[in-house]
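Enquirer: Following this message is one structure expressed as structure tokens.
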Amino acid sequence: MNQKIRVRFAPSPTGPLHIGGLRTALYNYLYAKKMGGDFILRIEDTDQKRFVKGAEDYIIEALSWCGINPSEGIGTLKGDFGPYKQSERSEIYKEYVAKLIESGFAYLAYDSAEELNEQREKNPNWKYDAQSRMHMKNTLSLSSDQVETLKKEPYVVRIKIPEERTFRFSDTIRGEVSIDSSTMDDKVIFKSDGLPTYHLANVVDDHLMQITDVIRGEEWLSSTPLHVFLYDCFGWTKPRFSHLPLLLKPTGKGKLSKRDGDKMGFPVFPLDWVDPNTADRSMGFKEQGYLPEALVNFLAFLGWNPGTEKELYSLEELCKDFSLQRVGKSGARFDIEKAKWFNGQHIKNIPPKEIVTYIQDKINHSLDQIQLEAIATLMKERVQFLDQIIEKGDFFFSAPEEFDEKTIRKKWKEDSPKIVSDLSAIFKKIEVFKAESLKAEFESYIAKHDIGFSKALIALRILITGKGSGPDLFKCMELIGKQESIERLQTKIPTAIAP
Ligand code: GLU
């Protein structure tokens, strides 16, 4: 029988969840859904010094806004493998660290911070390893009498990395990876505060929670040999590893950092975040007007592609098409223009009724539901953000007060006033003021007088909308209504900008 797939997203609450973390959560979620497995949310908070107030709630809120819902884990979620917060599991780790010490895979070290610094000052490349450990203060180098005198002193537990060993593991995305133990050090796995470090807690929990696949960012690749060694020490079966490609800056050079967004004027966090210590605010995709569907679609393509031309995906469709085999190794460039494009595409899918609710909250007007829905239908095809519906479609709500100068200079011709006044007289006679009749009258007028379509249309458009481009003008006029449209056509272009 095939084992049930179980994956986890295991953030540390050290600040807001950034876009790279959110992508890791998304890929875990998609893989679990695709495989009919479980997606677990675990909080890795053993580093109390880096704990940031509010970060855990932020993570939960951000995932839920995106629709990336865990099936098991912290908070109100249920599960048989809890607690799902590492700070509540300290007794469990004590038991496992004791096993490692007992079997000789780990040892107690009493070196003070000063003593360690002294070594590093002498040699910046110094590390605690097979070469140096016997010259340090630990249960391997000291006699039992010496250890006895240190009994009450604070200590850490270090893993004893074997000399001359090659650690191998296979990574779904990177293939075979091998690392020589001489490049590794005797990492601290248990701290003097009675809590494990990330490495031990992560491996113990992945094992106890029956995680089958570890899917995480590339920055953890270098820790994996140590994790592999820990699995071996305990005699446990290893999960499959998949290390996701880095997210690169918009230039394509260098890793995207948490600070890049605010520096370059785009969000790198799903939601706004206010730093509890400095009160600095970082912008979020949500508050910048992105739809969660668009953000998810954008993130899915930062490292994965379906191998087809299809780019627009709902979360459900992603669950069906996603596969780890189609995740690339090379860094994925974070291109905010692409995120905007996805947003525009997903806005087209919003039912007009919902857009109307959005408009109602933002603007005073005298239009009815049917008119508003028609405006929403016309405008949603042409915007990347919902607020642009109001910005670019302002002429639906009131007569333009400003006229696009560039268009006037280029396209307002000597005979434009005559064309407008002729057409205005014709339109006045139309009884049922509908787009089709307006268009038919317009076409017969330009044909009769041999006037270019766009020359005549732009003259009308400028007076009706104030702009050089926009949705179907006759539909706009129908919505604006006969009286108002005719009034607008009587407007004089301000002499200051008329050619
Ligand atoms: N707590 C780690 C983090 O903050 C988890 C890494 C992992 O998934 O193993 O990303």
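The values are calculated or read from the model by the stated rules, or taken from the named source; none is laboratory data. Just so you know, these numbers come straight off a predicted model, no measurement behind them. Methodologically, a virtual Cβ is constructed for each residue, glycine included, from the backbone with ideal geometry; neighbour enumeration extends over all protein chains shown. Please note that ligands, DNA and RNA were not included when accessible areas were found on the heavy atoms of the full protein model with its side chains. Shrake-Rupley method; radii C 1.70, N 1.55, O 1.52, S 1.80 Å.
Enquirer: With no solvent and one equal point scatterer per Cα, compute the Debye intensity ratio I(q)/I(0) for the chain at 0.07, 0.09 Å⁻¹ and report its log10, rounded to two decimals.
Expert: Values, matching the q order: -0.55, -0.76.
Enquirer: Please compute the per residue accessible area over the chain with all protein chains in place, 1.4 Å probe, rounded to a whole number of Å².
Expert: On a per-residue basis, 50 Å².
Enquirer: Can I ask one more? Please report, in whole Å, how far the alpha carbons of the stretch 1-154 spread along each principal axis, starting with the longest.
Expert: Principal-axis extents of the Cα atoms in the stretch 1-154, largest first: 57, 39, 27 Å.
Enquirer: Given a 1.4 Å probe and every protein chain left where it sits, what share in percent of the accessible area of the stretch 234-342 is carbon and sulfur?
Expert: Ligands and nucleic acids excluded, carbon and sulfur reach 49 percent.
Enquirer: What number results when the radius of gyration of the stretch 118-235, computed over Cα atoms, is divided by 2.2 N^0.38 Å?
Expert: 1.20
Enquirer: How much FRET efficiency would the formula 1/(1 + (r/R0)^6) give for LYS348 and ASN277, where r is the Cβ-Cβ distance and R0 is 41 Å, rounded to 0.05?
Expert: 0.50
Enquirer: Sticking with this one: If ligands, DNA and RNA are left out, what is the accessible area of HIS449 with a 1.4 Å probe, given in Å² to the nearest 10?
Expert: 90
Enquirer: Quick one: give the max-minus-min coordinate of the C-alpha atoms of the stretch 425-499 along each principal axis, largest first, in Å.
Expert: 36, 28, 23
Enquirer: On the Cα set of the stretch 328-451, report Rg and Dmax in Å, please.
Expert: When restricted to the Cα atoms of the stretch 328-451, Rg and Dmax are 19.7, 66 Å.
Enquirer: Take the alpha-carbon positions of the stretch 26-94, form their convex hull, and give its projected area averaged over all directions (one quarter of the hull surface) in nm².
Expert: In nm², the orientation-averaged hull projection of the stretch 26-94 is 5.5.
Enquirer: Further question on the same structure: Compute the normalised compactness of the stretch 242-335: alpha-carbon radius of gyration over 2.2 N^0.38 Å, N being the residue count.
Expert: So the Cα radius of gyration is 1.19 times the expected 2.2 N^0.38 Å.
Enquirer: Could you look at the stretch 128-219 and say what percent of its accessible area is carbon and sulfur, using a 1.4 Å probe and all protein chains?
Expert: Its accessible area is 46 percent carbon and sulfur atoms.
Enquirer: For the stretch 267-314, just say rounded, prolate or oblate: build the C-alpha gyration tensor, square-root its eigenvalues into a ≥ b ≥ c, call rounded for a/c under 1.5, and beyond that prolate if a/b exceeds b/c, oblate if not.
Expert: prolate
Enquirer: So, counting K/R as plus one and D/E as minus one, what does the shell of residues with Cβ under 9 Å around LEU246 add up to?
Expert: So the surrounding residues net to -1.
Enquirer: Using a Förster radius of 22 Å, what is the FRET efficiency between HIS135 and ARG174 based on their Cβ-Cβ separation? Nearest 0.05, please.
Expert: My answer for the efficiency is 0.05.
Enquirer: What aspartates and glutamates sit close enough to LYS448 to cross-link, taking a C-alpha to C-alpha distance under 16 Å and skipping anything fewer than 8 places away on the same chain?
Expert: Cα-Cα hits under 16 Å: ASP415, ASP422.
Enquirer: Above 14 Å lies some portion of the pair distances; for the stretch 170-216, what is it as a whole percent of all C-alpha pairs?
Expert: Of all Cα-Cα pairs in the stretch 170-216, 67 percent lie more than 14 Å apart.
Enquirer: Moving to a separate point now. With +1 on the Cβ of every Lys and Arg and -1 on the Cβ of every Asp and Glu, and nothing else charged, how large is the dipole of the chain about its Cα centre, in debye rounded to the nearest 20?
Expert: The dipole magnitude comes to about 1140 debye.
Enquirer: Roll a 1.4 angstrom probe over the protein heavy atoms and tell me the percent of accessible area of the stretch 1-121 that is carbon or sulfur.
Expert: 48
Enquirer: Rounded to the nearest 500 deg cm²/dmol, what is the calculated helix-only ellipticity per residue at 222 nm for the chain, with -39500 (n - 2.57) per DSSP H run of length n ≥ 4?
Expert: The per-residue figure over the chain is -12000 deg cm²/dmol.
Enquirer: If each residue of separation counts as 0.36 nm, what is the full-extension length gain between SER314 and LYS263 once their alpha-carbon separation is subtracted?
Expert: Between SER314 and LYS263, full extension yields 15.3 nm more.
Enquirer: Find how much the distance from GLU164 to GLN490 grows on full extension, using 0.36 nm per residue of separation minus their present alpha carbon separation; answer in nm with one decimal.
Expert: 108.5 nm
Enquirer: Report the number of Lys pairs in the stretch 58-174 whose alpha-carbons are under 15 Å apart, with separation of 8 or more residues or on distinct chains.
Expert: Going through the stretch 58-174 pair by pair, I get 6.
Enquirer: Could you work out the pair-distance distribution P(r) of the stretch 181-297 from its alpha-carbon pairs, with 5 angstrom bin width and percents rounded to whole numbers?
Expert: 2, 8, 14, 15, 14, 13, 14, 12, 6, 1, 0
Enquirer: Using a basic spin-label model with each label point 7 Å from the Cα along Cα→Cβ, how many nm lie between ARG409 and ARG50?
Expert: Placing both labels 7 Å beyond Cα along the Cβ direction yields 5.5 nm.
Enquirer: Let me ask another. Once each part is reduced to its C-alpha centroid, what is the distance from the stretch 179-224 to the stretch 123-137 in angstrom?
Expert: Centre-to-centre (Cα) distance: 21 Å.
Enquirer: Taking the Cα centre of each part, how many Å lie between the stretch 321-389 and the stretch 63-94?
Expert: Distance between centres, Cα-based: 33 Å.
Enquirer: Where nothing but the Cβ of Lys and Arg (+1) and of Asp and Glu (-1) is charged, how large is the charge dipole of the stretch 351-499 around its Cα centre, in debye to the nearest 20?
Expert: Dipole magnitude for the stretch 351-499 comes out near 480 debye.
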